[in-house]
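Please treat every number below as a calculation from the coordinates, not as lab data. Small disclaimer: the values here were computed from a predicted structure and weren't measured. Note that each Cβ is placed from the backbone with ideal geometry, even for glycine, and that neighbours are counted across all protein chains shown.
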Amino acid sequence: MKYVLIALGLILFISCGKDEQSNFVAENDAEIIAYIDKNNLQAEKSPSGLYYVIDEEGNGDRPVASSTVTVAYKGYYTNGKVFDQSDAKGISFPLQRVISGWTEGIQYFKEGGSGMLLVPSHLGYGSGNYNGIPGGSVLIFDVHLISINKEN
């Protein structure tokens, strides 16, 4: 009987977590659509749920998921509050080591390109709090893909 109760408890816990995450998907999508409408943006939505705006496509190569890139960016919430920002020189990082919204989204740009990524929480930091970012948060990034770092 004890094991049955433990199993039922685990099932309930897991299903509540999935419900919470699926609630964020619908809430995040509505929040992003409202932001797009309010700011008159021409955004595309990918099959994963990422929204993106291409201001300048760029004229260099496109990165792939395994690329290391240099990107200048500003990250903020839909209310405009900035939570992170690079300087104009940008920062370099492998696309495999960032949130999946970035791994996917940066690939829509060519070198020199710029625009915006509107990242729902399931492609960001999920439903848990992370370094001051509240769980379930929509994250918006203004990005400029400065370069794809070539291996020497």
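Taking amide H as placed 1.01 Å from N in the peptide plane, the amide H of Gly136 sits under 5 Å from that of Gly126, Ser127, Gly128, each at least 5 places away or on another chain.
Can you run the Rg to Rh ratio on the range 2-148? Use alpha carbon positions and the Kirkwood inverse-distance Rh. Please report the intermediate quantities before stating the final value.
Working: Rg = 17.2 Å, Rh = 16.3 Å.
Answer for the range 2-148: 1.06.
Relative contact order (percent) for the range 2-148, with alpha-carbon contacts under 8 angstrom and 6 or more residues of separation? Could the numbers behind the result be given before it?
Numbers: 281 pairs, mean separation 42.8, N = 147.
Here the relative contact order equals 29 percent.
State the answer as a single residue: which of Gly128, Phe93, Ile32 lies farthest towards the positive end of the charge dipole of the range 2-148, with beta carbon charges of +1 for Lys and Arg and -1 for Asp and Glu, about the Cα centre. The residue sitting most towards the positive pole is Gly128.
Dimensions of the range 58-102 from C-alpha coordinates, computed as largest minus smallest value along each principal axis and given longest first, are 32, 22, 17 Å.
All alpha carbon pair distances within the range 25-102 were sorted into 10 Å bins beginning at 0; the resulting P(r) in whole percents reads 14, 43, 37, 6.
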